[in-house]
Amino acid sequence: MELESPALFVPSALVWLAKLLSLDEGIRYKHGGNLVITREIHVENNQSHWMINGKQRNQKAVEEEVKNLCIQVSNLCQFLPQEKVGEFAKMSKTELLEATEKSVGPPEMFEFHCELKNFRSKERELENTVTEKTKYIEKAKQRNERNKHDVNRYYEKKRHLDMIELLEKKKPWVEYESTRKELESVKREREEAKRNLSALRHSQAPMIRKIKEIEDRLQPFDDQIKSQTAAIKDAALKCKQKQDQLDRKQKEIEDINQAFKLKEMEEDDHQKRISNTRRIIEDLRTELAKVEDQPDVTPRINDVNSELRRNQIERARIDGEKCELCREKDNAFAQCRSLQKKLNDMNNLMKVKEEKLRGRHRDTHAALQWLRQNRNRFRGNVYEPMLLEINVKDHRFAKYVENHISFQDLRAFVFQRKEDMEIFMSEVRDKMNLKVNSISAPEQSRSKAQPSQNIEDLRRFGFFTYLREMFDAPDEVMSYLCQQYNVHNVPVGTEQTKTMIRQVIEELNLRVLFTLDERYMLKRSVYSKMISTINSPVNPSQYLSIAVDAEEKRQLEQELNACELRFREIDERLKALQRETAVLDRRDNELLAEKKKLSELKGKKRQLEQKISTKQDSLRQMEQNVTDLKKIEEETKEKVSAVNSQKVTIVKAFIASIKLKATLTMEKVYLSLEMMGLSAEKTKLEHDFREGASLLRSMDQRCSQLEQRKVQLTEQGKGQMKRAKSICNMQPNDSLSEELRNAFAKLPDTPDDIDSMLNEERSRSECFTGLSENVVDEYNRSDQEIKELENELEEKKNALESYRQNISEAKERWLNPLKQLVEQINEKFTAFFRSMNCAGEVDLHSEKEEDYDKYGIRIRVKFHSNTQLHELTPFHQSGGERSVSTMLYLMSLQELNRCPFRVVDEINQGMDPINERRVFDIVVGTACKERTSQYFFITPKLLQNLKYAEEMTVLCVHNGAYMLPPNQWDDKAFLRRCLQRKAKA
């Protein structure tokens, strides 16, 4: 019968278990008799019926009855079917704790845990609510505090505006009062000005007569002073002319003396040149005597010229070789660049594969980066994930390889040594917490394993190659793939293979094969020899279709290395030629310097003789041009004496002009003093008269101005009175109210003070910008809202405190019994592992004490003496190690179990014989104790010579097409034949 879903299998399994239970004396009884659950499944219409003790019931009622019996089919700590064994290790610590609580804890323990988690969840919600409300209230208070400042500023501005209004009302009254006082003052000042004007007019007449008399006496003095001034100017002009003549004569004497000094200096220089020339001639004669003693240098010059020509020929040869090497170097460089470009293109394809790996599994990519930085820590070969190491020869073959090898292995790292794998997993999995896969290559290489049949024998079915021939990989990687996936024994066929698939299946003993678009897995039954087939489509390749020809890459790398070697050789040869050229250059410079020195030595005698002759001619000419200084000195004295005689005559005329000028100047001074006295008296009288006249005009103008000011102030006062009453909202005949008088009394009484105070108040009010009555309303509303929020916050805090009290009580009820329960499990678990010479422990684990939803049971095991305790995960331990750990944990729960029975299906499949035997002994010893749950251990095979207990019941279930019907089975005959075969053996 074919079942549609696991949900249908679970209850039907209970029927089977109920029948098994009836065979054992430890059957669980229920009040009112045994409970029999039956399910009938009808394949025709895909329907089923449930019955309890022969009465038809629905599925929900069945589940309730099963729950009352403490049967938890979904709990892997009670019911562990074959397909769920691997999931036990994948259970999180939290899931394991919940399964354990349900399995061995008291009924209320899991309920307390759920209640505690709910309380904690609601506590978090309340804490978040309290925190958010507290923050919101704090922000609201801060905002209201800022608004309060604005409110104060609003009232402050209003006070300033009220003061401005009052000042503006008082200002026209103060201006009117000021105008009235000013009018009274103007009237008094006008009367006083009229009286002063009349008195001033009577005092001006005598002063005018006195000024006229003085003007008549001053008239003759002007003519005399003008005559004296003209005579003084003529005398001063003559004095200046004589002084200029004296200056010119003195300059003439200085020029004569300067000319004589220049002659002396020229003669002195002339004598020095004569002396220097004589010394140079003597030096040249000495040097000429030395040169005449030197040998002939012509032969040596010829030798130097010959060597220079040989060096030139050698340089031409080197330059030619250098040009040839440069061309060869350019060709080698171009070839290297071409080869490097091809290699870069291949490496870029590898980068694409690596990027795809990072997109699919970031943990593997992170571990890859760590490996590349730490390769020196490993002793053996370590290979990157297989999908980077595998190189498909033709991109069309990639889909076959990728469909045959699981992605878990494609992303696995391959290690030559197991100890290297331990180091790697310790770093990346334990320390870096990365989920990666690693594989240890077989100790004996299987990369060259031969297929079971020659491919030529399979060509008639359309097979053209084996999977191994489609790709390249390092030896260790290929060895693992041959051992684990039999890639050397998986043929790949064409469309012809698909058409002949039935014949292929029947005639060829193959387990896996590929046609053009499908993958076939064949399985032959051990009992009936029937072949079951599973075929699946070949999915397109995602990773391995990016292929690089490894042989071509190695050839390119070899060519690139050879090209780079040739490039370096050419470079070294060019450097050697450069050194040879430098040696030739140094030798040429030495020869040219020697040649120059010899040539100079050869022509030096002739040059010295020419220099001596030239210097002697120059000396004779200088000796002929000697100057007579004594004669020139006498002539200079005579010229100076003649000029001094002329100076004496000029000095006499100069002194006479000076005396005449002094006499005329004294006479002018006397006349000027007398005239100045009269002028001073006249000036004083005129000044007094002008002051009187000016004062008279000023008095007259002042009287007119005061009259005009009187009229103006009268009109101004009337306007100010009218304006003041208008501003204060008064009628023309009304007087100022008492309230305004009292308010005005506190304010300044002068217009300037009022203006100053008004400007100050306006400036202050202008500082309060952006304020309105809405600020006050907003402040009042916000203040009321804060009070309401504080009341709500207080209620939430009280509720939070209540939840915390509930949590404390629930935690006390749950945690202490749970710790005791886990400690009991740990004692059994540790003892079981110790009996197997291994180590294991169970503890209650939580990162934070208050995170009740994250509490979990952590299982840690150690199977090797040279390793540390590691947490049980689906990645770190092998399948057998996980099975052993799972079984021993279930055994640790056995004596504490509240459930009626426990079922374990094929858990020993992945164990090695030693561990399987030890675990079986532990199961027998634990399950056969009194007052424990019934234990069902289902397995397809058992080891020989196991220890069985009397309390055990062994049921052998046979299946197959050729089995005898149950009524024909003879147990005694079967046992007799077994004993006979054993005796013969």
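The values are calculated or read from the model by the stated rules, or taken from the named source; none is laboratory data. Small disclaimer: the values here were computed from a predicted structure and weren't measured. So basically every Cβ, Gly included, is an ideal-geometry build from the backbone, and we count neighbours across all protein chains shown. Please note that ligands, DNA and RNA were not included when accessible areas were found on the heavy atoms of the full protein model with its side chains. Shrake-Rupley method; radii C 1.70, N 1.55, O 1.52, S 1.80 Å.
Past the 29 Å Cα-Cα mark, which pairs from K353/K435; K242/K263; K435/K523; K947/K984; K797/K848; K249/K661?
The pairs that break the limit, which is 29 Å between Cα atoms, are K242/K263; K435/K523.
Working out 0.36 nm times the residue gap between N311 and N128, then minus their Cα-Cα distance, what length gain in nm do you get to one decimal?
56.3 nm
Can you figure out the FRET efficiency of M676 with A236, using R₀ = 22 Å and their beta-carbon distance, to the nearest 0.05?
Efficiency at R0 = 22 Å is approximately 0.45.
Each residue of the stretch 245-261 in order: what ³J(HN,Hα) in whole Hz does its phi give by Karplus 6.51 cos²θ - 1.76 cosθ + 1.60, θ = phi - 60°, with x for Gly and Pro?
Residue by residue, the stretch 245-261 yields 5, 5, 5, 5, 5, 4, 5, 5, 4, 5, 5, 5, 5, 5, 5, 5, 5 Hz.
Students sometimes get this wrong: rank T649, T229 by accessible area, probe 1.4 Å, all chains present, largest first.
Numbers: T649 95, T229 35 Å².
Ranked from most to least accessible, the order is T649, T229.
For the ranges 485-494, 933-942, what's the packing order if you count other beta-carbon atoms within 10 Å of each residue, average per peptide, and put the highest first?
Packing order, densest peptide first, comes out as 485-494, 933-942.
Quick one: check the C-alpha center-to-center distance for the stretch 495-515 versus the stretch 816-840, whole angstrom.
With the stretch 495-515 and the stretch 816-840 each reduced to a Cα centre, they are spaced 54 Å.
Which value in nm describes the separation of the simple spin-label points at N561 and D162, placed 7 Å from the Cα toward the beta carbon?
Computed distance between label sites N561 and D162 equals 10.2 nm.
If you stretched the chain out fully between K941 and N376, how much longer would it get, using 0.36 nm times the residue separation minus the C-alpha to C-alpha distance?
Between K941 and N376, full extension yields 198.8 nm more.
Sorted by accessible area (1.4 Å probe), largest first, how do L946, L660, L481 line up?
L660, L946, L481
Can you check what the net charge comes to around F936, using other residues whose Cβ is under 9 Å from the Cβ of F936 (Lys, Arg +1; Asp, Glu -1)?
Local charge sum for F936: 0.
Which distance in Å, rounded to a whole number, links the C-alpha centroids of the stretch 175-192 and the stretch 918-983?
142 Å
With every protein chain present, what accessible area does L592 have (1.4 Å probe, heavy atoms only), rounded to the nearest 10 Å²?
Ignoring ligands and nucleic acids, L592 comes out at about 90 Å².
I'd like the accessible area for F119: 1.4 Å probe, protein heavy atoms, all chains in place, Å² to the nearest 10.
40 Å²
Please report the accessible area of T683 (heavy atoms, 1.4 Å probe, ligands and nucleic acids excluded) in Å², nearest 10.
Result for T683: roughly 70 Å² accessible.
For a paramagnetic label modelled at 7 Å from the Cα of E282 toward its Cβ, which residues of the stretch 611-625 fall within the zone defined by backbone nitrogen distances under 17 Å?
612, 615-616, 619-620
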